[in-house]
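Asks: Just dropping this structure here.
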Amino acid sequence: MVPFHVDPTAWALLIVDVQVDFCSPNGITARRGRPNTRMQALPDKINAFVKEIQDLGILPIYVKSVVNEDRLPPNVRFFNEMKGIKRPTQKGTGGEEFYNLDIPAAAVIIRKEAADPFISTNLKQILDEHRVSIVLICGVRTQICVDATARKAFSEGYNVIVISDLVATRDNNADDEQYALRFMDAYVGFVMDSTQVKQVLS
C-alpha cells in the first residue's frame, strides 16, 4: 500500500463528466448505438463512495463538460468539421447536465470546455486555496477526460490517484481504458480501486 500520510483535508475528489450524454441510457452515447452500460452504472458507485468519505474533510469537485460551438478555438472547430464530429454535452441540449449524482451542498462545481478541466477554469485556484496536495480522480471517459485530468493535475504539481473501479468508458473501448490506466499508473500517479483508497484514508 502506498504510504500517503497526509491529512484528508489536503485531498480533493474530482468527479469528471458524469453527465447525461455519457451515462444516461437516453444520452447521445446510447442513442448513437454505442453501448455504455459501465458508464450507466457509475453514478450510483460514485454516490456511494462520496457518502462513505464525506465526513473526512475531502473536497468534492464535480466537473461538467459544456460545449459551446461559438466559443471553440478555430483549430478545434476545424478538426471537428474535418472529422465530421458533433461533440456530446452541447450547451442547451440537456445532455450537458449531471446524471443521477447526489451532489453534496459543500461541493464545488466546475464547468469546462476542454478535456482538461484546468484550461480556462479556476480549478487550480480552488485546489490551492484549499491547500490540496492529493487529487483523487473518477468519472468518464477513462482514456479521454480522466486521462487528460490526471496528466494535467500531475504536471501542476499534485499527487494523483485514479480510482480504477470508479472510472468508465464505452463498453467497446475496454482495451483503450486498460492502456490508459497502465499509462497513468506508470507515468502520472497511482491507480487504486476504491477499497484501497479507503484503506489509505483510514
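The values are calculated or read from the model by the stated rules, or taken from the named source; none is laboratory data. Please read all numbers here as calculations on a predicted model, not as lab measurements. We place every Cβ from the backbone using ideal geometry, glycine too, and count neighbours over all the protein chains shown. For the accessible areas, the whole protein counts, side chains as well, though only heavy atoms, and no ligand, DNA or RNA atoms are used. Shrake-Rupley method; radii C 1.70, N 1.55, O 1.52, S 1.80 Å.
Asks: Pick out the one residue from T93, T89 that is farther than 13 Å from G139 by Cα and either open to solvent by 30 Å² or more (accessible area, probe 1.4 Å) or charged (D, E, K, R) (or both).
Replies: T93
Asks: Right, another one. Can you tell me how many residues in the range 24-50 are open to solvent by 90 Å² or more (accessible area, probe 1.4 Å), assigned to a helix (DSSP H, G or I) and more than 16 Å from D193 (Cα to Cα)?
Replies: Total satisfying the criteria: 1.
Asks: Sticking with this one: Among the candidates A106, A115, A150, single out the residue that is assigned to a helix (DSSP H, G or I), of a type in the set (A, V, I, L, M, F, W, C) and without any contact (Cβ under 8 Å) to a residue 60 or more places away in the chain.
Replies: A150
Asks: Out of everything in the range 66-86 that is open to solvent by less than 90 Å² (accessible area, probe 1.4 Å) and closer than 23 Å to N36 by Cβ, what residue ends up being modelled with the lowest pLDDT?
Replies: I85
Asks: Also, I was wondering about something else. Suppose we filter the range 153-169 for residues that are in a loop (DSSP other than H, G, I, E, B) and open to solvent by less than 40 Å² (accessible area, probe 1.4 Å); how many remain?
Replies: So the count comes out to 2.
Asks: Pick out the one residue from A106, A115 that is out of contact with any helix residue (DSSP H, G or I) (no Cβ under 8 Å at 6 or more places or on another chain), under 30 Å from D193 (Cα atoms) and among the hydrophobic types (A, V, I, L, M, F, W, C).
Replies: A106
Asks: What tally of residues in the range 107-129 results from selecting those that are out of contact with any Phe, Trp or Tyr (no Cβ under 9 Å at 6 or more places or on another chain), open to solvent by 70 Å² or more (accessible area, probe 1.4 Å) and hydrophobic (A, V, I, L, M, F, W, C)?
Replies: Residues flagged as out of contact with any Phe, Trp or Tyr (no Cβ under 9 Å at 6 or more places or on another chain), open to solvent by 70 Å² or more (accessible area, probe 1.4 Å) and hydrophobic (A, V, I, L, M, F, W, C) within the range 107-129 amount to 1.
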